[in-house]
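Everything below concerns the one structure shown next.
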Amino acid sequence: MSTADSAVSAPVPVPRRLPWFPIVILGLMAVGIAVVRTRPELERNLQGWLTLALTLLAVILNMLWFVFTPRFSWRVRLIGVFAVALLVFGGRNLLRVDGTIDGTGIPNLVWGWTPAKGARWTGPDSLKAASANALSTNTAAQAVSAPPGAADFTQFHGSLRNGLITGPAFATDWKATPPKQLWRQPIGLGWSAFTVVGGRIFTQEQRGEEELVSAYDLLTGNVLWMHVDKAHFSQWQGGEGPRATPTVLDGRVYAYGATGILNCLDAATGKLIWTRSVLTENQLENIEWGMSASPLVFDDRVVVTAGKTPGPVLYAFSRETGEPLWKAGNDSASYASPMLATVAGRQVILSNNAAALTLHDPANGEVLLTHTWGAGKWPKASQPVVLPGDRIFLSAGYGLGCQLLQISPGTDGKFTANEVWRGNRMKTQFNSVAVRDGFLYGLDDGRLACLDLANGERRWKDGRFGSGQSLLVNDVLLVQSESGPVYLAAAQPDGYRELAQLPALDSKTWNYPTLAGRYLLVRNDREAVCYELPTPTP
């Protein structure tokens, strides 16, 4: 055979084509994620879940292509399938879900041997040892006095539950004069905030299988007393522990636990005065993320929200004895706290429920207005805002957006509500807004925003604070970010201006900050810190 014949008969190598299917799938995934991430009014939680869904879909399609493509031998494909199966099986056994990464609800995966958060209270430590002598068996009050510059902060979200805090001015240049840290210490699980009365601070927390109402010294952080209930609420996204903030009035603490235990305690000693198990006594199912509404205390009564079971949504009890007074409404509870306000010249209780906002007669709970919104599909954790001119502002996350209502008295002694405007430019999730000089300030899907009350138009939106919380203090916005640091910003409609920041905490924080005069209290499910804010320079 000649050399020419050999050349002709030799096989010609066929160039291997690019694997277009996986390339196209990955390209479409990238485009889809870019579209999702660049939608300006698409909320972070939906963005997160859509991004995760697109990624998983791309992985599944490429795995199917790998299994059925003739591009690889059956042995290579079999080894690949076995490796993926081993990875999935190993992941299920080596990893576990520990809550969520943040307020988007995306699962936080940790190694299976990582200790659970609540495990730190099962063994001895300095704080637990100190607490052992301060449980609810105490009958003698420990002497505590309010330090100079302190003020009372008696209930959730301020004295009127509207996020407005008035008090002494403080320096806002925290680089020149930083806040003074008075104490920092571990604290039990939960998303309760602090209330402050007479130098004592009160909160709720979870330690092991015990749900606590706790009292500490404002100035030192020392434990004064702890009331213990054998109760434990846990939900994979929301985590463990109580959510509601205690209310303090006339020397008594009223606390509502995550499983529906309502306690009335002596503020000085922690001695139990009376208790009710609201959900159990009324055969109500708990809501998905646990009872979160703080007790509303006024006149001779205590008002709390009910559970998931449709029916009466508010329950009133005697402040003195805990005996039931009335129950009212026809809805399921959500996560906002009931509040007392004057609307159209009449004192009412506002309740932001699963499917509607309701206004109630405080005397007997009679429903005076039912304004349907949200249809009960998504949680509502934001406080309604009662505005001059008999208007009410409502907001929520999860696609519900915001709306302004005009309330008018009806001929039958009830009210009617007319919508002034609605929009999606204030999408509060866990946050509630506050109002100053005709402008709304709050976290719009994790970014601080200012809305014009007249028309609902956004003036500005800036910063990234996640599922944080905010208060309006005089003319300053105090923002507790989800990641832990605290920020100050100017409450002005002409643009975002950051004034200061403080690295107070360094892990997921869903608790509201508390400002008691010049004393700033922040906490999350790991630690609590107290700062004394600097006085202004003359």
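Say whether the condition of being closer than 26 Å to Glu532 by Cα and surrounded by fewer than 24 Cβ atoms within 10 Å (Cβ to Cβ) is met by at least one residue in segment 227-243.
Step one: filter segment 227-243 for residues closer than 26 Å to Glu532 by Cα, giving 243.
Then drop every residue that is not surrounded by fewer than 24 Cβ atoms within 10 Å (Cβ to Cβ), which leaves none.
No, that holds for no residue.
Could you pull out the residue among Glu281, Glu288 that is of a type in the set (Asp, Glu) and under 23 Å from Leu400 (Cα atoms)? So that I can check it myself, show each step before the final result.
Values: Glu281 fails: under 23 Å from Leu400 (Cα atoms).
From the options Glu281, Glu288, the qualifying one is Glu288.
Within segment 485-492, is even one residue under 26 Å from Val248 (Cβ atoms) and assigned to a strand (DSSP E or B)? Explain how you work it out, then say what you get.
So in segment 485-492, the residues under 26 Å from Val248 (Cβ atoms) come out as 486.
Pick out the ones that are also assigned to a strand (DSSP E or B) and you get 486.
Within segment 485-492, one or more residues are under 26 Å from Val248 (Cβ atoms) and assigned to a strand (DSSP E or B).
Selection within segment 410-458: residues that are polar (S, T, N, Q) and in a strand (DSSP E or B). The member of this set that is surrounded by the fewest Cβ atoms within 10 Å (Cβ to Cβ) is Asn418.
One residue alone among Thr104, Thr51 is touching a helix residue (DSSP H, G or I) at 6+ places or on another chain (Cβ under 9 Å), assigned to a helix (DSSP H, G or I), within 30 Å of Gly466 (Cβ to Cβ) and of a type in the set (Ser, Thr, Tyr), and that residue is Thr51.
Of the residues screened, Gly123 is one that is at pLDDT below 85, more than 25 Å from the chain's Cα centre (by Cα) and either under 25 Å from Ser483 (Cα atoms) or in a loop (DSSP other than H, G, I, E, B) (or both). The numbered conditions (1) modelled with pLDDT of 85 or more; (2) over 34 Å from the mean Cα position of the chain (by Cα) are all true for Leu57 except (2).
Residues are listed down the side, and each one gets a yes or a no for (1) within 23 Å of Val367 (Cβ to Cβ); (2) among the hydrophobic types (A, V, I, L, M, F, W, C); (3) buried (at least 24 other Cβ atoms within 10 Å of the Cβ); (4) at pLDDT below 95:
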| site | (1), (2), (3), (4) |
| --- | --- |
| Asp266 | no, no, no, no |
| Phe298 | yes, yes, no, no |
| Pro312 | yes, no, no, no |
| Pro324 | yes, no, no, no |
| Ser334 | yes, no, yes, no |
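Taken over segment 63-96, the criterion of being among the aliphatic types (A, V, I, L, M) and either touching a Phe, Trp or Tyr at 6+ places or on another chain (Cβ under 6 Å) or farther than 30 Å from Ala116 by Cβ (or both) is satisfied by Met63, Leu64, Val67, Val76, Leu78, Ile79, Val81, Ala83.
Quick one: in segment 208-223, which of the residues that are of a type in the set (A, V, I, L, M, F, W, C) and out of contact with any Asp or Glu (no Cβ under 6 Å at 6 or more places or on another chain) is farthest from Arg184 (Cα to Cα)? Working first, answer last.
From segment 208-223, those of a type in the set (A, V, I, L, M, F, W, C) are 212-213, 215, 218-219, 223; that's our starting set.
Now narrow it down to the ones that are out of contact with any Asp or Glu (no Cβ under 6 Å at 6 or more places or on another chain): 213, 215, 218-219, 223.
Working: Val213: 19, Ala215: 15, Leu218: 11, Leu219: 11, Val223: 13 Å.
For segment 208-223, the residue satisfying everything is Val213.
Among residues belonging to segment 285-320 that are in contact with a Ser or Thr (Cβ under 7 Å, 6 or more places away or on another chain) and acidic (Asp, Glu), point out the one that is farthest from Lys377 (Cα to Cα). Out of the qualifying residues, it is Asp300. Against the list (1) outside any loop (DSSP other than H, G, I, E, B); (2) buried (at least 24 other Cβ atoms within 10 Å of the Cβ), the condition Lys461 fails is (2). Counting only strands (runs of 3 or more DSSP E) wholly contained in segment 230-342, the ones carrying 2 or more residues that are farther than 19 Å from Gly190 by Cβ occupy 261-266, 272-277, 296-298, 301-305, 314-318, 324-328.
Each row is one residue, and each column tells you yes or no for (1) over 20 Å from Trp191 (Cβ atoms); (2) touching a Phe, Trp or Tyr at 6+ places or on another chain (Cβ under 7 Å).
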residue	(1), (2)
Leu440	yes, yes
Leu451	yes, yes
Val473	yes, no
Val476	yes, no
Asp494	yes, no
Ser507	no, no
Trp510	no, yes
Ala516	no, yes
Ala528	no, no
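Taking segment 19-62 as the range and being touching a residue at least 60 places away in the same chain (Cβ under 8 Å) and loosely packed, with under 13 Cβ neighbours inside 10 Å as the test, only Glu41 passes.
Could you say which residue among Gly484, Gly466 is in contact (Cβ under 8 Å) with a residue 60 or more places away in the chain, among the small types (Gly, Ala, Ser) and more than 22 Å from Leu160 (Cα to Cα)? Spell out the reasoning first.
Numbers: Gly484 fails: in contact (Cβ under 8 Å) with a residue 60 or more places away in the chain.
The unique qualifying residue is Gly466.
Of all residues in segment 460-469, one or more are on the phi > 0 side of the Ramachandran plot and over 17 Å from the mean Cα position of the chain (by Cα).
Being in contact with a Pro (Cβ under 8 Å, 6 or more places away or on another chain) and either small (Gly, Ala, Ser) or over 17 Å from Gln406 (Cα atoms) (or both) narrows it down to one residue among Ser382, Ser351; which is it? Step through it out loud before you land on a result.
Numbers: Ser382 fails: in contact with a Pro (Cβ under 8 Å, 6 or more places away or on another chain).
None of the other options fit; the residue is Ser351.
Looking across segment 70-81, the residues that are within 15 Å of Trp20 (Cα to Cα) and surrounded by 13 or more Cβ atoms within 10 Å (Cβ to Cβ) come down to Arg71, Phe72.
From the list Ser481, Ser467, the lone residue that is of a type outside the set (D, E, K, R), in contact with a helix residue (DSSP H, G or I) (Cβ under 9 Å, 6 or more places away or on another chain) and buried (at least 19 other Cβ atoms within 10 Å of the Cβ) is Ser467.
Just name the residue that is nearest to Glu41 (Cα to Cα) out of those in segment 375-409 that are outside any strand (DSSP E or B) and of a type in the set (Ser, Thr, Tyr). Spell out the reasoning first.
Going through segment 375-409, the residues outside any strand (DSSP E or B) turn out to be 375-384, 388-390, 397-400.
Restricting the remaining residues to those that are of a type in the set (Ser, Thr, Tyr) gives 382, 398.
Working: Ser382: 19, Tyr398: 11 Å.
Checked segment 375-409; the qualifying residue nearest to Glu41 (Cα to Cα) is Tyr398.
Taking into account only those residues within segment 284-328 that are polar (S, T, N, Q) and within 28 Å of Gln237 (Cβ to Cβ), which is farthest from the chain's Cα centre (by Cα)? Before the answer, list the steps.
Of all residues in segment 284-328, those polar (S, T, N, Q) come to 286, 292, 294, 305, 309, 318, 321.
Then drop every residue that is not within 28 Å of Gln237 (Cβ to Cβ), which leaves 286, 292, 294, 305, 309.
Details: Asn286: 17, Ser292: 9, Ser294: 13, Thr305: 17, Thr309: 22 Å.
By that ranking, first place goes to Thr309.
Selection over segment 519-538 of residues that are under 15 Å from Leu499 (Cβ atoms) and either assigned to a strand (DSSP E or B) or in contact with a His (Cβ under 7 Å, 6 or more places away or on another chain) (or both) gives a count of 1.
Residue-by-condition table, conditions (1) farther than 23 Å from Ala169 by Cα; (2) at pLDDT below 95; (3) out of contact with any helix residue (DSSP H, G or I) (no Cβ under 9 Å at 6 or more places or on another chain); (4) of a type in the set (Ser, Thr, Tyr):
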{"position": "Gly413", "(1), (2), (3), (4)": "yes, yes, yes, no"}
{"position": "Trp460", "(1), (2), (3), (4)": "yes, no, yes, no"}
{"position": "Leu477", "(1), (2), (3), (4)": "no, no, yes, no"}
{"position": "Asp494", "(1), (2), (3), (4)": "no, no, yes, no"}
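Please determine, by comparing only the residues of segment 395-409 that are of a type in the set (Ser, Thr, Tyr) and more than 18 Å from Lys461 (Cα to Cα), which one is surrounded by the most Cβ atoms within 10 Å (Cβ to Cβ). Applying the filter and picking the extreme gives Tyr398.
The values are calculated or read from the model by the stated rules, or taken from the named source; none is laboratory data. Since we're looking at a predicted model, the values are computed, not measured. With ideal geometry, Cβ positions are generated from the backbone for all residues, glycine too; neighbour counts draw on all protein chains shown.
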